[in-house]
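**Q** Dropping the structure in here first, questions after.
The values are calculated or read from the model by the stated rules, or taken from the named source; none is laboratory data. This one's a predicted model, so the numbers in the text were calculated from it and none came from an experiment. Here the Cβ positions follow ideal geometry from the backbone for every residue, glycine too, while neighbour counts run over all protein chains shown.
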Amino acid sequence: MTLHEWGQLLTSEVIQTTWLEWTAVVFSIAEVLYARSGKIWLYPSGIISTLLFMYLLFINKLYAETVLNGYYLVMSIYGWWYWAKKKDQPPVKPSYSHKQEWYITTAIVFGGWMVLYAALRYLTDSTVPVWDAFVSATAWAGMWLLARRKIENWVLLNISNAFAIPLFIKKGLPIYAALTLFLFVVAIQGYYDWRKEIRRDVENTLL
């Protein structure tokens, strides 16, 4: 597909996008912007966008993708609870993952990849089961780290985004590719913002 053809496809898809789809996209953007700034509002935004995407995927008979978004919904609820300010306790601050969390992250990536590949390969008519499963598995791990406010969540989410962009282009979904590219850029900014916050907290502790 040439750049001109891709541009025409994007224009056509933007015109045909429904208000419900635009609402889901807006809340997805709000979610990642809130995550970058460390605001707990990322979870209500994420829950709304996920519910809308689950409905849109279901009515289009993309049942496997609907189930995958169900995981994002569960992790958003868990993250909201984990981030919530407890009585007499300070808010959860960003930090680096420790060894046990890296073990869990690795298990989510490779375990999720294998399970999703098998499900997509044998239970759906997916034409890219390996690719699609990897995108989802790395996003799963990133969501888990985000829920625990670990800085490495941005790395895992951007690995997922980096593979998702060409996947969406291949599938003729330019609006989702453009959205994912935007999320990729914001995730880079989020990583550096969180790193500055971690360094600032360390410096304040040493004073």
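**Q** Quick one: in region 18-41, which of the residues that are polar (S, T, N, Q) and in contact with a helix residue (DSSP H, G or I) (Cβ under 7 Å, 6 or more places away or on another chain) is surrounded by the fewest Cβ atoms within 10 Å (Cβ to Cβ)?
**A** Only one residue tops the list, namely Thr23.
**Q** Can you tell me which condition Leu57 does not meet? The list is (1) among the hydrophobic types (A, V, I, L, M, F, W, C); (2) at pLDDT 80 or above; (3) in contact with a helix residue (DSSP H, G or I) (Cβ under 9 Å, 6 or more places away or on another chain), and all the others hold.
**A** Going through (1) among the hydrophobic types (A, V, I, L, M, F, W, C); (2) at pLDDT 80 or above; (3) in contact with a helix residue (DSSP H, G or I) (Cβ under 9 Å, 6 or more places away or on another chain) one by one, Leu57 breaks only (2).
**Q** Just one of Asn161, Asn204 is assigned to a helix (DSSP H, G or I), of a type outside the set (Phe, Trp, Tyr) and more than 15 Å from the chain's Cα centre (by Cα); which is it?
**A** After applying the criteria, what remains is Asn204.
**Q** Also, quick follow-up: Is it true that some residue in region 179-186 is assigned to a helix (DSSP H, G or I) and touching a Phe, Trp or Tyr at 6+ places or on another chain (Cβ under 6 Å)?
**A** Among the residues of region 179-186, not one is assigned to a helix (DSSP H, G or I) and touching a Phe, Trp or Tyr at 6+ places or on another chain (Cβ under 6 Å), which makes the answer no.
For (1) closer than 22 Å to Gly190 by Cα; (2) buried (at least 20 other Cβ atoms within 10 Å of the Cβ), each residue gets a yes or a no:
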{"position": "Met114", "(1), (2)": "no, no"}
{"position": "Ala118", "(1), (2)": "no, no"}
{"position": "Ser126", "(1), (2)": "no, no"}
{"position": "Asp132", "(1), (2)": "no, yes"}
{"position": "Thr138", "(1), (2)": "yes, yes"}
{"position": "Leu157", "(1), (2)": "yes, yes"}
{"position": "Ala162", "(1), (2)": "yes, no"}
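**Q** On to the next question. Can you tell me which residue is surrounded by the fewest Cβ atoms within 10 Å (Cβ to Cβ) among those in region 96-112 that are in a loop (DSSP other than H, G, I, E, B) and in contact (Cβ under 8 Å) with a residue 12 or more places away in the chain?
**A** Checked region 96-112; the qualifying residue surrounded by the fewest Cβ atoms within 10 Å (Cβ to Cβ) is Tyr96.
**Q** Taking only pairs six or more apart or across chains, which ones have beta-carbon atoms under 7 Å, a first residue in region 122-144 that is more than 13 Å from Asn69 (Cα to Cα), and a second residue that is of a type in the set (D, E, K, R) and part of a helix (DSSP H, G or I)?
**A** Here the result reads Ser126/Asp132; Pro129/Arg121, each pair linking region 122-144 to a residue that is of a type in the set (D, E, K, R) and part of a helix (DSSP H, G or I).
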